[in-house]
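See below for the structure under consideration.
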Amino acid sequence: MLEMEEKILKEGKVLPGGILKVGNFLNQQIDTAFLKDIGSEIARLYEGCGVTKILTIESSGIAIAVAAGMEMGVPVVFAKKHKTSNVDGSVYSTTVHSFTHGTDYTVVVSSDYLCRGDRLLLVDDFLANGSALRGLIDLAGKAGAELCGAAVAIEKGFQSGGDELRREGVRIESLAVIESMSDTEIVFRPAGRDTVNRT
């Protein structure tokens with residue numbers, strides 16, 4: 001998605017530790033017109049795949065998942081990072097490592113919302129080492145749901161999590177894949193066009 005690359009180049013900021021800050025348009029402050037475009041693109045990519053439900057993880061993936069869910073006409077379920085008082089009864093749980101925060105979370109989904117026979121599309125804002133997607137895949141497996149694939153706004157290709165999952169047979173569609181980044185340059189993985197650089 002060329003628009004995602006352009007948005008990253010124009011509004012993104014590379015922070016120390018390999019962190020890309022996109023809070024201006026994607027996760028803390030959300031560009032709602034652009035979010036609608038993201039939802040439309042995800043729906044286009046997975047058209048005809050029989051998706052019945054979208055699964056994401058709180059909190060930054062929720063807006064993207066809802067945008068895609070609205071375009072696809074399917075419900076959205078999000079895994080909570082802690083079991084709270086409003087999550088009762090039987091749950092599926094798994095452990096996810098957050099690259100950004102450098103900590104592990106136990107994430108849970110009520111068994112009322114994730115069921116055998118669901119055809120799931122996983123959605124998240126970032127894909128780095130693949131821990132969040134692997135956690136969601138684990139939850140889907142525990143529920144007996146079928147995985148259609150994953151849609152990610154921004155993939156850090158240099159951290160290889162996405163490519164490892166692809167080699168394992170998981171379909172992953174990322175709207176922008178960053179091959180490398182520094183304070184002065186962001187290089188995107190070519191997708192039938194020339195690499196785009198920040199200069």
Any strands (runs of 3 or more DSSP E) falling wholly within segment 93-199 and containing at least 3 residues that are over 22 Å from E41 (Cβ atoms) and touching a residue at least 12 places away in the same chain (Cβ under 8 Å):
103-110
Exactly one condition in (1) at pLDDT below 95; (2) under 16 Å from the mean Cα position of the chain (by Cα) is false for K83; which is it?
(2)
Can you name the condition, by its number, that G50 falls short on among (1) modelled with pLDDT of 95 or more; (2) under 17 Å from the mean Cα position of the chain (by Cα)?
(2)
Selection within segment 7-66 - on the phi > 0 side of the Ramachandran plot and in contact (Cβ under 8 Å) with a residue 12 or more places away in the chain:
G18, G50
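Quick one: is K156 of a type in the set (K, R), under 20 Å from V22 (Cα atoms) and surrounded by 14 or more Cβ atoms within 10 Å (Cβ to Cβ)?
Spelling it out, K156 is indeed of a type in the set (K, R), under 20 Å from V22 (Cα atoms) and surrounded by 14 or more Cβ atoms within 10 Å (Cβ to Cβ).
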The one condition in (1) in contact with a Ser or Thr (Cβ under 8 Å, 6 or more places away or on another chain); (2) over 20 Å from A176 (Cβ atoms); (3) aromatic (F, W, Y) that F126 fails to fulfil:
(2)
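The values are calculated or read from the model by the stated rules, or taken from the named source; none is laboratory data. Keep in mind the model is a prediction, meaning the values are calculated, not measured. In this analysis, Cβ positions are derived from the backbone assuming ideal geometry, glycine residues included, and neighbour counts consider all displayed protein chains.
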